[in-house]
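Let me begin by presenting the structure, written as structure tokens, before commenting on it.
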Amino acid sequence: MGLRQGKVVAIIQARMNSTRLPKKVLTSIAGRPMVEWVALRAMWANTVDEVVIATTVEKADDILVRKLKDIGLNVFRGSEEDVLSRFVGAARKFKAGIIVRLTADCPLIDPDMIDLVVMAYRENRKDYMANCGIEYQLPRGLDVEVFNYRALLKADSLSTQPYEREHVTPRFYQHPEEFSIGMPEINPEWKRPDLRLCVDTVEDLALVRKVYNHFHGTDILMASTMAVYNYLDNYPKVKELNAKVEQRKLPTPQKD
């Protein structure tokens, strides 16, 4: 149990059947599939002990699993729709004490941001710590959520709505009476609501490819988010590529 309490596992959810941009997780960016870049950036975080890709048992994801194993990444397969149970299974298999939830469509996730949220979690001793609150006004694509294994099991037992199962963490932030939750202090320079750094559409993909090409592929691992911001500010036509893309919203919470 001691190992579980302290082991930090980044679990990256990924599947081929994404609705807005199918097969995007294996789309090539600077010579590597997008999911590999997310995993590499998670590995770059000092606080992360292990990285796992959590995908589905569906046949469509067989090709993803083969690719991930060829690369040498850890893989867990679970339910396609019940992503919460998929996280529980992955956390159990890899003996996670602290889980960092990431998604495979965020190839510009910042290792320093991961460290910031994990350290804030440890210092504040909360069940759930995240940087993705509306008050932060961060670009989509920098989202980091951190929670412990015990809290994950509790959320799993309490989550009854389909959207809670699909989106993994709504039970935490929509029910603060059940969990202790917190947000880390964020440098105001990070607050750029005008930017979008995730990949949900072809426009998002075009922007991210421009960013990676600018930093010459592998160098992107060492490029800070501030450097990415500066690049986009200096090249407004690139920044405008996905400026009109709207983020999908979660369903309105229902009473249990």
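The values are calculated or read from the model by the stated rules, or taken from the named source; none is laboratory data. The structure displayed is predicted, hence computed values, not measured ones. Please note: Cβ atoms are built from the backbone with ideal geometry, for glycine as well, and neighbour counts cover all protein chains shown.
Within the range 206-227, restricting attention to residues that are among the aliphatic types (A, V, I, L, M) and surrounded by fewer than 18 Cβ atoms within 10 Å (Cβ to Cβ), which residue is modelled with the lowest pLDDT?
As a first pass, look at the range 206-227 and keep what is among the aliphatic types (A, V, I, L, M): 206-208, 211, 220-223, 226-227.
Remaining after also requiring surrounded by fewer than 18 Cβ atoms within 10 Å (Cβ to Cβ): 206, 221-222, 226-227.
Values: Ala206: 98, Leu221: 87, Met222: 84, Met226: 95, Ala227: 96.
Selected residue: Met222.
Can Val48 be described as crowded, with 17+ Cβ neighbours inside 10 Å and within 15 Å of the chain's Cα centre (by Cα)?
On the way: crowded, with 17+ Cβ neighbours inside 10 Å: yes; within 15 Å of the chain's Cα centre (by Cα): yes.
Against the criterion (crowded, with 17+ Cβ neighbours inside 10 Å and within 15 Å of the chain's Cα centre (by Cα)), Val48 qualifies.
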- [ ] Consider Arg86 carefully, then state whether it is more than 21 Å from Asp219 (Cβ to Cβ), modelled with pLDDT under 95 and either among the basic types (Lys, Arg) or surrounded by 20 or more Cβ atoms within 10 Å (Cβ to Cβ) (or both).
- [x] no
Pairing a residue in the range 176-191 that is assigned to a loop (DSSP other than H, G, I, E, B) with any residue that is surrounded by 14 or more Cβ atoms within 10 Å (Cβ to Cβ) and acidic (Asp, Glu), where Cβ atoms lie under 8 Å and the two sit 6 or more apart in sequence or on different chains, gives Phe179/Asp127; Ser180/Asp127
Worksheet item: Among the residues of the range 125-139, is there at least one that is modelled with pLDDT under 95 and of a type in the set (Phe, Trp, Tyr)?
Response: yes
The condition of being at pLDDT below 95, charged (D, E, K, R) and either out of contact with any Phe, Trp or Tyr (no Cβ under 7 Å at 6 or more places or on another chain) or closer than 16 Å to Phe94 by Cα (or both) holds, among Arg20, Arg77, Arg66, only for Arg20
The correct count of residues that are touching a residue at least 60 places away in the same chain (Cβ under 8 Å), surrounded by fewer than 21 Cβ atoms within 10 Å (Cβ to Cβ) and farther than 15 Å from Cys106 by Cβ in the range 9-45 is 3
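Any residue that is under 26 Å from Trp190 (Cβ atoms) and out of contact with any helix residue (DSSP H, G or I) (no Cβ under 7 Å at 6 or more places or on another chain) - is there at least one of those in the range 5-21? Let's see the steps before the verdict.
Restricting attention to the range 5-21, the residues satisfying the condition of being under 26 Å from Trp190 (Cβ atoms) are 8-14, 20-21.
Right, trim to out of contact with any helix residue (DSSP H, G or I) (no Cβ under 7 Å at 6 or more places or on another chain) and you get 20.
Yes, the range 5-21 contains a residue that is under 26 Å from Trp190 (Cβ atoms) and out of contact with any helix residue (DSSP H, G or I) (no Cβ under 7 Å at 6 or more places or on another chain).
Is there a residue in the range 62-69 that is over 16 Å from the mean Cα position of the chain (by Cα), without any contact (Cβ under 8 Å) to a residue 12 or more places away in the chain and part of a loop (DSSP other than H, G, I, E, B)?
Residues of the range 62-69 over 16 Å from the mean Cα position of the chain (by Cα): 62-69.
Still in the running and without any contact (Cβ under 8 Å) to a residue 12 or more places away in the chain: 62, 66, 69.
Still in the list and also part of a loop (DSSP other than H, G, I, E, B): none.
No.
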